[in-house]
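Read through the structure below, which is laid out as structure tokens, and then see the notes.
Here, each number is a calculation from the coordinates, and none is a lab measurement. Just so it is clear, the structure is predicted and the values come from calculations on it, not from any experiment. Note that we place each Cβ from the backbone using ideal geometry, even for glycine, and neighbour counts take in every protein chain shown.
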Amino acid sequence: MGHGADPVTSPQDEEFLPKKGIRDAETSRSHHGQADILFRRFPVPVITLVLLTALSLAVILGIIVLAGCKASSERGSGQRAVHLPADHCADGWIWYRGKCYFFSENSTDWDKAQSFCTSHSASLAHIETRQELNFTMRYKGRSDHWIGLRREQGQPWRWPDGSQFNNLFTILAESDCAYLNDAGPKSASCQMHRKWICTESGHSPF
């Protein structure tokens, strides 16, 4: 036998040789079997449904985030808008519930106080609600301040615009001009010197 001849394999040896074709076929069947098991466990319609559900959730989440950002922006705009009316008040005046208020630092009699307010397109304070009374009482501090109520002898109390007082609150004492002290509304001689409060609607050009 020559050295270049192929070795002869006996039938016994063939039993122990790797059977490549057989292994490849078995491996292929194994992979196909796993795929079959996967698709039997998760059919295509189910996988599609899962993907569509995930996509829908992502879209819904995006919409919610955008809506939240928009709402936050609107709230921010609303908060800024609350302060916009203050721009209608002159420097040194305070905005509250549709009016501009001026709390003086000086003292004078009722007539001169009213003249000052009139020169600013306003009048001595015309208090129309309990909330407004509470605000002016709180903001004025401890000093007495003239307000717009005045009466002639034997006549009812009236505001500077001529409207009659509706008895929203009780005015203590029996004088002719009203003011606010620590206890509440009270009256005194119009010639007395006190600080004063002006109010105007907040729509004047100054």
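First select every other residue whose beta carbon is under 15 angstrom from the beta carbon of residue 105; then total the charges, Lys and Arg +1, Asp and Glu -1.
Overall, the nearby charge balance is +3.
Could you give the length gained on full extension between residue 91 and residue 182, defined as 0.36 nm per residue of separation minus the Cα-Cα distance, in nm?
Fully extending the segment from residue 91 to residue 182 adds 30.1 nm.
Using modelled backbone amide H atoms (1.01 Å from N, in-plane), which distant-in-sequence or interchain residues come within less than 5 Å of residue 196's amide H?
Result for residue 196 returns 104, 146.
How far apart, in nm, are the 7 Å Cα→Cβ label points at residue 118 and residue 106?
Each label point is offset 7 Å from its Cα along the Cβ direction, giving 1.7 nm.
Using 7 Å Cα-to-Cβ label points, what is the residue 129/residue 53 separation (nm, one decimal)?
5.3
What net charge do the residues around residue 132 carry, taking every other residue with its C-beta under 13 Å from that of residue 132, with Lys and Arg at +1 and Asp and Glu at -1?
Residues close to residue 132 contribute a combined charge of +4.
Where both partners of a DSSP beta bridge lie in the stretch 144-206, what percent of those bridges are antiparallel, to the nearest 5?
Bridges in the stretch 144-206 that DSSP calls antiparallel: roughly 75 percent.
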